[in-house]
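Working notes, structure below.
The values are calculated or read from the model by the stated rules, or taken from the named source; none is laboratory data. Since the structure is predicted, the reported quantities are computational estimates derived from the model, not experimental observations. Note: ideal-geometry Cβ built from the backbone for every residue, glycine included; neighbour counts use all protein chains shown.
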Amino acid sequence: MLDRAYAVLQIKALDDERRTISGIASTPTPDRHGDILEPLGATFRNPLPLLLHHDGQRPVGQAHLTATAAGIAFTATLPSVAAAGAVRDRVDEAWQSIKAGLITGVSIGFRPLADGIKALAGGGVRLCKTEICELSLVTIPANVDTTIQMIKSYDAPHLAASGRQPPGVAGLRPAMPPTTTDHIQNLEHKRAALAARMTAIMETAAADGETLVAEAATEHDGLTAQVKSIDADLQRWREHETLQITKATPVPATPVVTHTLALPRVSVRPNVPLGTAFVRQACALLVCHGNRYEAAEYAKRWDDSTPEVALSLKAAIAPGTTTDATWANPLVNQTISSEFLELLRPATILGQISGLRQVPFNTKVPAQTGGGTYGWVGEAKPKPLTKLAFSSEVLGITKVAGIIVLTEELVRLSNPSAEALCRADMIAGIAQFLDSQFIDPAVAAVAGVNPASITNGAPTSAASGAPLADIMGLINHFATNNIAVNGVHVILSPANALALSFRSNGDGSPQFPGIGLNGGDYRGLSFVASQAAGTNVIALQPSLILYADDGGVTIDASREASLQMDSAPASPADATTVYVSLWQTNTVGLRAERFANWKRANANAVKYLTAAAWPAPTGLSANGDTAAAKK
């Protein structure tokens, strides 16, 4: 499977008779993913196939590439097919789409070579060594900032002299005049091409051991004159750009927006479920008994869909130095780990609540527990003395862990069904446990083991059976205790969320629009649905919930351990404890750990209702509550 890099199709020449186009295929600037492809580090063998939308079954021509420090230029030719059939239709469609301005992007298909990837400090990677295998015509480039651009030039002077007008231009919106930056970039690209040709002439003469012949000397002198002229023009344009900056008018702080055009953001990802790379990395280490070199070789079987697995395992082998910023922390390995977290977090209540106050582990965090005293003061009267009350909160290191036992055969097969089983079990198990521990009022703190739930010891009351009155009662709790209502989240069961979605006003309009089985938003409140809520309805202010998370899931594996096959193992073990040997049963244990902790920074940051089994409405009163609730 090839990686892809996109660019706007800037056609510099179009020959309608020979069906030839030329332009820039890639430049050494960061793309929307923060990656940089080095043009001089790219290898290719001309001619390359010209494809339509990276479809290897739909070639439409051939392309020739030329790499310089400024970028990779291309010249592509689409043949004129005489015989009627699918090939002629496909090629004609591609050519007409280019001329009509419907295809506005080009894309190179490449693969990174060994030791050709370097991590960048700000994110992304620098692709220093690549092999370009094909050039494609595409409709939507991945760079959002240049998604829609007009074809800048159809070689207008040549076409005007020949009395021909490029088809499709009349129906397109007028092309934007080139900016100062465009002029500077075009001159820089032209200068780079001239300098490359001058270098080639001199290297040829040096290889032959002779001075420049008359024809080569004349060409070199002409190129030198052009470079000097371009340098002078560049100086003028840069001075003009500086002048424009000094005279620029600041953008108003609140500009008037007449319309908004939302451009699509396109990302290219392997066509595998999210989290697959994480599971495959674990399976490769299991099969190869933790030997990372062997695991990297084993993982090559997945290079067509998840090449980052083998790369991450290789990267960890490289020796670390004091000057290597990526020692023991390869970018691809972070990507694989964060992929699993990205999949896990939305599945948990913690992942669906925005605004939790993130704090580090084992660090004192100040919390205000009391406010000052203020009042009106008459003339010449003494002013009241006031003070604030503070306390310090510390979130210790606590962890959530679980062990999954898999058979050796399941790990080695690693077919899609087995991978999906591992992913689903790990995600569901950790998510279900975290949800329950986060909101179950019965979960009390155990020093050094687990935190108390946010509802443990929190204010509570019984539900009235009228959803609107119950919700307003929760909101009034925060208002009464001088806690901001903005940003409050309500956690409830999917059954109660569904019951809210069925409730209607007297005119038939939904009483709680925006809320469904999976929660939603209503009048600025965020509703989170979780089966762990049961018949409780919990309201919380996230900014007053301290939350610590190391941001990673640690995976360890063993074939030799002996385990208590029990979801609640005896601690400490006694004479009756039964252990099962993984080695003897030809199984492997996969252990997942995640460090997390939480705590209410304010005693009134949470309030919850009990016995809130809101029924689906059968008869509605004027305010939308059921008749039974009104009674």
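Within region 61-77, residues that are closer than 21 Å to Arg88 by Cα and assigned by TED's automatic domain parsing to the domain that holds Glu93 have Cβ atoms under 7 Å from residues that are among the basic types (Lys, Arg) and buried (at least 20 other Cβ atoms within 10 Å of the Cβ) in these pairs: Thr77/Arg19, counting only partners at least 6 apart in sequence or on another chain. Of the strands (runs of 3 or more DSSP E) lying entirely inside region 519-612, those carrying at least 2 residues that are crowded, with 19+ Cβ neighbours inside 10 Å and modelled with pLDDT of 85 or more are 525-529, 537-540, 545-549, 587-600, 606-610.
I'd like to know if region 481-492 contains one or more residues that are farther than 19 Å from Gly355 by Cα, in the same structural domain as Gly520 (by TED's automatic domain parsing) and outside any loop (DSSP other than H, G, I, E, B). Among the residues of region 481-492, not one is farther than 19 Å from Gly355 by Cα, in the same structural domain as Gly520 (by TED's automatic domain parsing) and outside any loop (DSSP other than H, G, I, E, B), which makes the answer no. Residue check: Ala217 meets all listed conditions (1) modelled with pLDDT under 80; (2) surrounded by 12 or more Cβ atoms within 10 Å (Cβ to Cβ); (3) outside any loop (DSSP other than H, G, I, E, B); (4) not polar (S, T, N, Q) but one, namely (1).
Inside region 279-312, residues that are without any contact (Cβ under 8 Å) to a residue 40 or more places away in the chain and either touching a strand residue (DSSP E or B) at 6+ places or on another chain (Cβ under 8 Å) or basic (Lys, Arg) (or both) make up a count of 3. Determine whether region 507-523 contains at least one residue that is among the β-branched types (Val, Ile, Thr), within 17 Å of His477 (Cβ to Cβ) and in contact with a strand residue (DSSP E or B) (Cβ under 9 Å, 6 or more places away or on another chain). No; the residues of region 507-523 include none that is among the β-branched types (Val, Ile, Thr), within 17 Å of His477 (Cβ to Cβ) and in contact with a strand residue (DSSP E or B) (Cβ under 9 Å, 6 or more places away or on another chain).
Per the listing Ala76, Ala63, Ala114, Ala83, the residue uniquely at pLDDT 85 or above, hydrophobic (A, V, I, L, M, F, W, C) and not in a strand (DSSP E or B) is Ala83.
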